[in-house]
1. State in Å² the accessible area per residue of the chain; use a 1.4 Å probe, count heavy atoms of protein chains only, and round to the nearest integer.
2. DSSP loop (so not H, G, I, E, B), at most 15 other Cβ within 10 Å: list which GluC sites (Glu not before Pro) in region 96-155 pass both filters.
3. If contacts are Cα pairs under 8 angstrom and at least 6 residues apart, what is the relative contact order of the chain in percent?
4. One quarter of the convex hull surface, Cα atoms only: what value does that give for region 139-241 in nm²?
5. Rank these residues by their accessible area, most exposed first, probe 1.4 Å: ASP149, ASP217.
6. Return the percentage of antiparallel bridges among DSSP beta bridges fully within the chain, rounded to the nearest 5 %.
7. In a solvent-free Debye calculation with one equal scatterer on each Cα, what is log10 I(q)/I(0) for the chain at q = 0.16 Å⁻¹, listed in the order of the q values?
8. Under 17 Å from the 7 Å Cα→Cβ point of ALA188, by amide nitrogen: which residues of region 129-162?
Amino acid sequence: MESNVVGNLDVAILCVIAFVTFFVGLVVYLRREDKREGYPVEVSGVMDRTHAAEGFPAVPRPKLFYRPHGRGVAQAPRVEEPETVRPGQTLPPMAFPLDPGPDPLEEGIGAAAYTTLREDEPDLDVEGEPKLISLNDHPEYYIPTGDPDPRGWVLVSADEKIVGKVHDLWFNRAEFFLRYFEVSIDEAEGRRLIPSFFAEALPRDSAVRATTLIARDLRRAPIRADDSCITMREEDRLNGFFAGGLRFSTGHGQIHDPA
């Protein structure tokens, strides 16, 4: 029994053609959808002139997203005010790197990049409550007996200097993992948060070590407007600062030298 449909086309070949067509269409669709934010890209051209670049496929038509918990309606893509150019930040010719300037950790370039376009509100869980909470303020969440509790431990910088003390832990209750160490730092005002991904707990030494920033840079870590929470914009700024320390904070205590 022959299964040819037309000429040399049989059912198997038609299935392959249908799959490839669907897969290519899916890739194009997903590529368009991921251009709802960050596009068109501003590109520096000839004679220091800039122009907008979309690439292929083009930016999709605007779509409305109705957000829960009274956060309103968001449109994407949308017209946004360009970010303020920070000191030392200029657009070089295409394919040339950005000049980080005299203080890369503050300018937010390259490894220390961050954006001011994120909402200045806490990230919420499905119940409309902040995802990130302080363990000191929420005793229903606790560290099991027998596990090390870093609260009360000393804070050590990447260049092996004792610079402060750990006071609290910030926990993501939606996904159940440690997110930040809340610390006080000598010669610095207020409480600071250190991302757990850029720190390591040392139970034998009763210490938490900030792995990316030496002492003088650790004292400049961003602070929050409200000590009872952290907003998405503040998170972006904070994580950019600590990530940038891998490249821009000098000293022998770094976990590696990207250069």
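1. 63 Å²
2. Listed in order of number, the matching sites are GLU119, GLU127, GLU140.
3. Details: 427 pairs, mean separation 39.2, N = 259.
15 percent.
4. It is 6.7 nm².
5. Details: ASP149 55, ASP217 10 Å².
From most accessible down to least: ASP149, ASP217.
6. Counting DSSP beta bridges with both partners in the chain, the antiparallel share is about 90 percent.
7. Rounded to two decimals, the profile gives -1.26.
8. The answer is 152-162.
The values are calculated or read from the model by the stated rules, or taken from the named source; none is laboratory data. Bear in mind the structure is a predicted one, so any value in this text is a computation, not a measurement. Positions of Cβ are generated from backbone atoms using ideal geometry, with glycine treated the same way; all protein chains shown enter the neighbour counts. The accessibility values were calculated without ligands, DNA or RNA, using every heavy atom of the protein model including side chains. Shrake-Rupley method; radii C 1.70, N 1.55, O 1.52, S 1.80 Å.
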